[in-house]
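Report on the structure given below.
Coordinate-derived values only; no laboratory data. Just so you know, these numbers come straight off a predicted model, no measurement behind them. Using ideal geometry, Cβ is built from the backbone for each residue, glycine included, and neighbour counts are taken over all protein chains shown.
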Amino acid sequence: MDNINFYYLEDATLSNLNRIFNSADIPFIRLSKFLNEAPNMIESELVSEEKIGYYNHKIGDALLAKFWDSSEFKDFLCKATGLKPTFRNSNHVSYSPGDYSLLHMDESESSRLLVVYDLTKEWRHEWGGYDLYTSPDKDPLVCNRDFGSLMIVKLNSGDLSCTRYVSLKSQFSAHLDRIIYDLE
Amino acid sequence: MRKAEKISIVKEFPYPHVIIKDFLDENTLDLVIDALAGLEYDFKESDLFSYWASIELTDIDHPAINILREDLGDEVWRKKVAEAFSCKMLSSIDMAAYVYGLGDFLLPHDDQVEERIIAYSLHLTPEITEDMGGSLQIFDVDETNSSKIIDSIIPEYNSLIMFEVSKHSWHQVGEILQDIQRLTVTGWYHG
């Protein structure tokens, strides 16, 4: 628990997060400065992964793999969302200039809780690389890159997500830990 | 009117495609560009693309657009296209104009929709160079769905690019990197 910003562990904050999460069109909360200390990047352990027309990025083990599957973090998730998520997997994903993922890569997905921890430094909005969530008959949700922020979004079967194409003019890569939890 | 009446040899790898230079005569070219400049374009954006598109040009009654539609889609030309690609007779075309500005792009896709046989794109941007972006990039895709750019075709002024639509016809329009307007008339020959 030492890693999580103490503010997010207070009962009043958790109660507020739960209310905000469950009142959003697409259930979503974004928590800036979520951890007291962000981990160091180890890009050399990432490998390129492409399925043309679906995604093109680099992928590896989540930098905080153990933490995302810890009882401490899952307990926090339960309190913040009111859900009972079951850990499925975690990855570190990097989007370099020209990389992308498309919405239809999620087409076969079931109900899930998606958690993204942003490790992208010095980003500009015009470089793209933001996360996009869509749900039928609801306005899409755009989530810009923001170093140190944790995003939690509940997606049902039929809801889609992707990371927008990163401009060739980008001087850096977008980095994120991406964790999926199954929902009953 | 059409200036080019001959289709050069179709390259077969990684899928059949061909580039025809100097497709229209200069007078027609000027009239067509003037007509396209007078159209309205809507900004279209999705996870796959970002560009400005005109309305469908197939049904517009405009002298220059009518000539262009004939030049790209009359029976004589359709027969030549079908012969060049060794495909069945082509029945019709559709067409629309697209403008790509700074930062616009079209990510990899294969164009596969029922009845599309041959894709075409007539390029109408003067003095475009590789460093401006906007090249049409042709991929070879292996059995693991990994891709390799085989050809990066600079969309030269008044050049017509055509390729056969299939599960192999992966291509993209590279991001526009300078403040230009990449103008094309694009569509498909149908079976």
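Summary table
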{"quantity": "Packing-based exposure ordering (other Cβ within 10 Å, fewest first) of A:CYS162, A:CYS78", "calculated": "A:CYS78, A:CYS162"}
{"quantity": "Efficiency of FRET from Cβ geometry, A:ILE59 and B:TYR157, R₀ 45 Å, rounded to 0.05", "calculated": "0.65"}
{"quantity": "Size of electric dipole in the range A:1-146: Cβ of Lys, Arg +1 and of Asp, Glu -1, about Cα centre, debye, nearest 20", "calculated": "280"}
{"quantity": "Exposure proxy ranking, count of Cβ atoms within 10 Å, fewest first, for B:VAL173, B:VAL165", "calculated": "B:VAL165, B:VAL173"}
{"quantity": "Counted charge near A:ARG164, where neighbours are those whose Cβ lies closer than 12 Å (Asp, Glu -1; Lys, Arg +1)", "calculated": "-4"}
{"quantity": "Between 0 and 90°, nearest 10: helix A:11-23 axis offset from chain A longest Cα axis", "calculated": "60"}
{"quantity": "Pairwise label distance in nanometres, A:TYR7 with B:ASP34, each label 7 Å out on the Cα-Cβ vector", "calculated": "6.3"}
{"quantity": "Ellipticity estimate at 222 nm from DSSP helix runs (n ≥ 4, -39,500 (n - 2.57)) divided over the protein assembly as shown, nearest 500", "calculated": "-5000 deg cm²/dmol"}
{"quantity": "Sites A:ASP69 and B:LYS167, calculated FRET efficiency, Cβ-Cβ separation with R0 51 Å, nearest 0.05", "calculated": "0.85"}
{"quantity": "Eligible lysines near B:LYS3 by straight Cα distance, threshold 17 Å, same-chain separation 8 or greater", "calculated": "B:LYS21, B:LYS79, B:LYS80"}
{"quantity": "Extension reserve of the B:SER146-B:GLU130 stretch, reckoned as 0.36 nm per residue once the Cα distance is removed", "calculated": "3.3 nm"}
{"quantity": "Proximal aspartates and glutamates to B:LYS6, defined as alpha-carbon separation beneath 19 angstrom and excluding residues fewer than eight positions away on the same chain", "calculated": "B:ASP22, B:ASP25, B:GLU26, B:GLU70, B:ASP71, B:ASP74, B:GLU75, B:GLU83, B:GLU156, B:GLU164"}
{"quantity": "Inter-site label distance for B:SER92 and B:HIS109 at 7 Å from Cα along Cβ, in nm", "calculated": "2.1"}
{"quantity": "Two-site label geometry, B:ASP74 and A:LEU168: point separation in nm, points 7 Å out along Cα→Cβ", "calculated": "3.8"}
{"quantity": "Between the range B:54-113 and the range A:1-70, the alpha-carbon center distance in angstrom", "calculated": "46"}
{"quantity": "Under-21-angstrom lysine pairs by C-alpha in the range A:14-76, whenever the two are 8 or more apart or on separate chains", "calculated": "4"}
{"quantity": "Peptide A:46-53, shielding by other chains (average Cβ, 10 Å cutoff)", "calculated": "5"}
{"quantity": "Cα-based reach from A:LYS169 at 16 Å (exclusive), listing lysines while leaving out same-chain residues under 8 positions away", "calculated": "A:LYS121"}
{"quantity": "The range A:1-130, relative contact order [Cα under 8 Å, separation at least 6], %", "calculated": "24"}
{"quantity": "Zero-based 10 Å bins, Cα pair distances in the protein assembly as shown, whole percents", "calculated": "5, 21, 27, 19, 14, 9, 4, 0"}
